[in-house]
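Worksheet: the structure to be examined is printed underneath.
The values are calculated or read from the model by the stated rules, or taken from the named source; none is laboratory data. Quantities reported herein were computed from a predicted structural model and do not represent experimental measurements. Don't worry about glycine lacking a Cβ; one is built from the backbone with ideal geometry, like all the others, and counts go over all protein chains shown.
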Ligand SMILES: [Cu+2]
């Protein structure tokens, strides 16, 4: 018991030092995704607690007090129990699936990404190649390994690779999306908060994969306009 307490203490000490950026969202997109993580974690915790309570209850209720080798009576089928452990997991999956599908559909760009609902959005071309990121803005300006974004806007990223499959990921701003050489993928991030965030390639792409990182600077709208005009 004593070693268990020590282990718990050391683990919580170590975990308290973690900066889990995915759980500290800095955009509406990332917030919806982190809410999904919390929701599925709570659902999992609920199952875990029920299973553990039942397990300890059974262990204590049916523990062998005197040695006996009596073989228990064979139970054949129990419709009530069988229905319970079939229907409950299906219900849990439905409860988990509904918000997941809603968030996925809300965040997936549909229709024409250049026009339609994203006409007034900021569009940025992202080109990945081993081992760097190139960003091309609407005014033709290019930056390498440094991404500049306007805060509180909708930004559409057009992702393309020049060689192998990479993955575009700024954990604080949203989930990762594959960057492929054979097709353009799009990622939409909305309502980002000003600040500096780290971005990286999240798909192993070669020996220097770990060095394929970039900085993301989200700046207030007017500052972004000045930056775009001065470049
Ligand atoms: Cu890569």
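Pairs meeting the criteria (first residue in the stretch 192-208 and at positive phi, second residue assigned to a loop (DSSP other than H, G, I, E, B), beta carbons under 8 Å, at least 6 apart or on different chains) are 195/26; 195/172; 206/130; 206/131; 206/164. Checking each residue in the stretch 206-231 for being near the ligand (Cβ under 9 Å from one of its atoms) and either under 17 Å from residue 122 (Cβ atoms) or outside any loop (DSSP other than H, G, I, E, B) (or both) picks out only 209.
Residue by residue, here is whether (1) in a helix (DSSP H, G or I); (2) at pLDDT 90 or above holds:
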site	(1), (2)
12	yes, no
22	yes, no
47	yes, yes
56	yes, yes
76	no, no
84	yes, yes
97	yes, yes
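One residue stands out among those in the stretch 105-131 that are in contact with a helix residue (DSSP H, G or I) (Cβ under 9 Å, 6 or more places away or on another chain) and in a helix (DSSP H, G or I): the one that is nearest to the ligand (Cβ to nearest atom), which is 107. Can we say residue 140 is in contact with a helix residue (DSSP H, G or I) (Cβ under 6 Å, 6 or more places away or on another chain), away from the ligand (no atom under 16 Å from the Cβ), in a loop (DSSP other than H, G, I, E, B) and on the phi > 0 side of the Ramachandran plot? Taking the combined requirement at face value, the residue does not satisfy it.
Quick grid of which residues meet (1) over 22 Å from the mean Cα position of the chain (by Cα); (2) surrounded by 12 or more Cβ atoms within 10 Å (Cβ to Cβ); (3) in contact (Cβ under 8 Å) with a residue 60 or more places away in the chain; (4) closer than 30 Å to residue 199 by Cβ:
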residue	(1), (2), (3), (4)
22	no, yes, yes, yes
31	no, yes, no, yes
38	no, no, no, yes
46	no, no, no, no
52	yes, no, no, no
55	yes, no, no, no
59	yes, no, no, no
63	yes, no, no, no
72	yes, no, no, no
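Against the list (1) within 15 Å of the ligand (Cβ to nearest atom); (2) part of a strand (DSSP E or B); (3) surrounded by fewer than 21 Cβ atoms within 10 Å (Cβ to Cβ), the condition residue 148 fails is (1). Considered as a group, the residues in the stretch 162-175 that are within 25 Å of residue 120 (Cα to Cα) and within 11 Å of the ligand (Cβ to nearest atom) include one that is surrounded by the most Cβ atoms within 10 Å (Cβ to Cβ), and that residue is 168. Checked against the criterion of being under 30 Å from residue 46 (Cβ atoms) and surrounded by 12 or more Cβ atoms within 10 Å (Cβ to Cβ), the stretch 126-144 contains not a single residue that satisfies it. Restricting the stretch 185-205 to residues that are in a loop (DSSP other than H, G, I, E, B) and more than 12 Å from residue 170 (Cα to Cα) leaves a set whose member that is nearest to the ligand (Cβ to nearest atom) is 205.
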